[in-house]
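The values are calculated or read from the model by the stated rules, or taken from the named source; none is laboratory data. Since the model is a prediction, treat every value here as computed from it, not as a measurement. Neighbour counts run over all protein chains shown; Cβ positions are idealised from the backbone, glycine included.
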Amino acid sequence: MSGSNRPPTSRDLARLAGVSQATVSRVLTNSPRVSPDTRARVLQVLADANYTPNALARAMKTGRTDTIGVFMTRVTSPFHAALLDEIGRLLNQVGLHMILWNIEHDPEESVSEVIQQRLVDGFILTSATYTSKLHTIALASGTPTVLLHRGIDGLDCDQVVGDNWQGAYDAGRYLVEAGHRDIGLVTLEHTGNTSRDRDLGFRAALADGGISIKARNAITTAVGHADGHAAAQKLLSAKKPPTAIYTVTDLLAFGLLDGARALGVRVPDDVWVVGFDNTDMASWEAFDLTTVDQPVHAIVKAGIDLLRHRIADPSADTTIISLPCPLVVRGSTADTVIRRRGTTR
């Protein structure tokens, strides 16, 4: 190999180690059919040569790429950015790589074609909806698949989600116990069980407290900051505005808080605001948002553990995990008895 700039081949390495090419291949694939002494000698030669095996060649031998495909929408939103960062970090910790597909802008046909090519060992889907066929296509391909953050009721697929219904219920009960009766709701179209449960759980808590949301105080909108801002303009400009408003995402709550400032409405003196997700921005002084925590680390870790188990044992029973979503009380709601008795984190 001296005098040549080409990378060493497995034949070169075999000659240096005094073994066959087949033995080098067994060492690279971690085969048990190699003695400890021989394995150590080959590994030393690999290290001395700074050898990195070709990923495609390794995949052809082992049937594994050590790569996971992640499908996501709205990758620039605060919550999805945090989710994506945690997925990449935890995959890296277990020696796996990530390929990201932003399905918001890709037609479903092209995504389906990617799935059928079997480029990865498994799929993580973070944006499952009732109408999307993506999860169905992924499962039909035979590639191990897990749904994170958003689940689909009745789907025979590994899923890890936050307990959105209970988290929303706790937020509603918090407002009722604090004495609020005129309460606003800023929600989304129910394209999946996440937004649905965050809406229905909140309404259930109010109903248990003998309160119903007035039609004029319920707004169904899109998910952006501007949509929250517009909701604030509508709700807080009314003759009798609500004294508290719950939004089903932090991003909507941020827009709502900025909209309140633009109107000169004081938070929490004039209106309380509660969000859902507990993104990093929620703790910023500019927002100081009371919100329901999505346990991103726990969701991602459980999902990756499930996916690795599914890859190792494709016939394993389906597992669905729902993790607690606790209320985190901050300055967008006033200091109350509930806060003082230690319900915050």
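Could you go through the stretch 211-233 and let me know if any residue there is within 30 Å of Gly88 (Cα to Cα), of a type outside the set (Asp, Glu) and surrounded by 24 or more Cβ atoms within 10 Å (Cβ to Cβ).
Taking every residue of the stretch 211-233 in turn, at least one turns out to be within 30 Å of Gly88 (Cα to Cα), of a type outside the set (Asp, Glu) and surrounded by 24 or more Cβ atoms within 10 Å (Cβ to Cβ).
Looking at this structure, is Leu257 in a helix (DSSP H, G or I), under 26 Å from the mean Cα position of the chain (by Cα) and over 22 Å from Val296 (Cα atoms)?
Yes; evaluated as a whole, the condition is true for this residue.
Step by step: first the residues of the stretch 181-211, then only those that are at pLDDT 95 or above and assigned to a loop (DSSP other than H, G, I, E, B), then the one that is nearest to Thr131 (Cα to Cα). Which residue is that?
Ile211
Kindly provide the set of residues from the stretch 245-273 that are charged (D, E, K, R) and in contact (Cβ under 8 Å) with a residue 40 or more places away in the chain, ordered by number. Break it down stepwise before answering.
Filtering the stretch 245-273 down to residues charged (D, E, K, R) leaves 250, 258, 261, 266, 269-270.
Scanning the stretch 245-273 gives Asp250, Asp269.
Being surrounded by fewer than 23 Cβ atoms within 10 Å (Cβ to Cβ) and assigned to a helix (DSSP H, G or I) is the filter; apply it to the stretch 300-327 and report the residue that is farthest from the chain's Cα centre (by Cα).
Ala312
Tally the residues that are crowded, with 21+ Cβ neighbours inside 10 Å, more than 24 Å from Ala238 (Cβ to Cβ) and in contact with a Lys or Arg (Cβ under 7 Å, 6 or more places away or on another chain), restricting the search to the stretch 167-206.
Going through the stretch 167-206 one residue at a time, the tally reaches 2.
Restricting attention to the stretch 133-161, which residues are assigned to a helix (DSSP H, G or I) and of a type in the set (S, T, N, Q)? Talk me through it step by step, then tell me what you get.
Of the residues in the stretch 133-161, the ones assigned to a helix (DSSP H, G or I) are 134-140.
Hit for the stretch 133-161 is Thr136, nothing else.
Report, by residue number, each residue of the stretch 288-299 that is under 23 Å from Asp258 (Cα atoms) and either among the aliphatic types (A, V, I, L, M) or surrounded by fewer than 23 Cβ atoms within 10 Å (Cβ to Cβ) (or both). Before you say what the answer is, go through the steps one by one.
Of all residues in the stretch 288-299, those under 23 Å from Asp258 (Cα atoms) come to 288-294.
Asp288, Leu289, Val292, Asp293 - these are the residues of the stretch 288-299 that are under 23 Å from Asp258 (Cα atoms) and either among the aliphatic types (A, V, I, L, M) or surrounded by fewer than 23 Cβ atoms within 10 Å (Cβ to Cβ) (or both).
State which residue is surrounded by the fewest Cβ atoms within 10 Å (Cβ to Cβ) when the search covers only the stretch 234-244 and only residues that are under 20 Å from Thr291 (Cβ atoms) and touching a residue at least 40 places away in the same chain (Cβ under 8 Å).
Among residues in the stretch 234-244 that are under 20 Å from Thr291 (Cβ atoms) and touching a residue at least 40 places away in the same chain (Cβ under 8 Å), the one surrounded by the fewest Cβ atoms within 10 Å (Cβ to Cβ) is Thr243.
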